[in-house]
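Single-structure report; data block below.
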Amino acid sequence: FDDERLVQRIKKLGFKNVIEIKTGEPVYLTDDIKLMSFNSASIWNDSISYWEFGNFSILNVNDAGFNWKIKDAIGDADVICLQFTGPTSSYPIVWTHLTENEKRQIQLRMNAGMLRMFKSIAETCNSTYVLPFANFFELANPEHQQYNEIIVKNSLEHVNNYFSRTNLKVLDLIPGESWDNNGFKRLPDREKFFDNKFM
């Protein structure tokens, strides 16, 4: 938020070399690595980060909505990173005036909207790849189990199916996997991570 609040808190912890990244101003970590931060233009509070690694670029829009002016500042981005399911909050899960079916339909619409936004941002930035992430979660407190049972999330299969009709390539990684020019390095037992009981 460019208000130095976090900077001051970190300095109070004893850190001496603290650099606040100002919105839209590049920070060079090395000659080949550039970082820029942008405010969201939505009601979401997280910042958007843009990374250049030589001639390869990544735009991380996770939990930040989007700021359509970013395209003017960065040009294209090779990879767009974004959560792949609708915003997970108390709405509509704990709203008591909604039926279970209404809650489900609202979540399905939010999830579909998230995929449309993902595609729109990737196409706006002339991206080659989309990296769906940040939705690998379950509520762990036993009191929340009832909510886990009614939360509707997109899966990586949903993402793959949605983008199969586009030229965008999905980097469908789960935590612990990686991808580079040589391809994917997959976990040998990755299927169990899609099993609700195991999660």
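The values are calculated or read from the model by the stated rules, or taken from the named source; none is laboratory data. These numbers were taken from a predicted model, which means no experiment stands behind them. With ligands, DNA and RNA removed, areas are computed over all heavy atoms of the protein, side chains included. Shrake-Rupley method; radii C 1.70, N 1.55, O 1.52, S 1.80 Å.
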The long-range amide H neighbours of Ser57, using H built 1.01 Å from N in the peptide plane and a cut-off of under 5 Å, are Asp78, Val79
Give me the three principal axis extents of the chain from the C-alpha atoms, as integers in angstrom, largest value leading. 51, 43, 34
With Cα springs under 10 Å, the Gaussian network model of the chain assigns the largest mean-square fluctuation among Pro92, Pro188, Pro26 to Pro188
HN-Hα J couplings of the stretch 38-44 from phi, Karplus 6.51/-1.76/1.60, θ = phi - 60°, integer Hz, Gly and Pro as x? 9, 6, 6, 9, 10, 7, 6
Could you rank His144, His158, His97 by how accessible they are, 1.4 Å probe, largest area first? His97, His158, His144
For the stretch 42-139, what is the accessible area per residue in Å² when the probe is 1.4 Å? 50
Considering only Ala112, Ala73, Ala122, give the residue with the highest GNM mean-square fluctuation for the chain, with springs between Cα atoms whenever their separation is below 10 Å. Ala73
Which whole number in µm²/s is D for the stretch 1-53 by Stokes-Einstein, with the Kirkwood Rh taken over Cα pairs at 10 °C and 1.306 mPa s? 128
Would you check the stretch 1-82 for Lys pairs whose C-alpha atoms are within less than 29 Å, ignoring same-chain pairs closer than 8 in sequence, and give me the count? 10
I need the phi-derived Karplus couplings for the stretch 16-32: 6.51 cos²θ - 1.76 cosθ + 1.60, θ = phi - 60°, integer Hz, Gly and Pro marked x. 9, 9, 10, 10, 8, 7, 7, 4, x, 9, x, 10, 9, 7, 9, 4, 9
Give me a comma-separated list of calculated 3J(HN,Hα) values for the stretch 74-82, in order, Karplus coefficients 6.51, -1.76, 1.60 applied at θ = phi - 60°, integers in Hz, x for any Gly or Pro. 10, x, 8, 9, 5, 10, 10, 10, 7
Surface share of carbon and sulfur [accessible, 1.4 angstrom probe, percent] for the chain: 51
Roughly how far apart, in whole Å, are the Cα centres of the stretch 1-37 and the stretch 158-199? 32
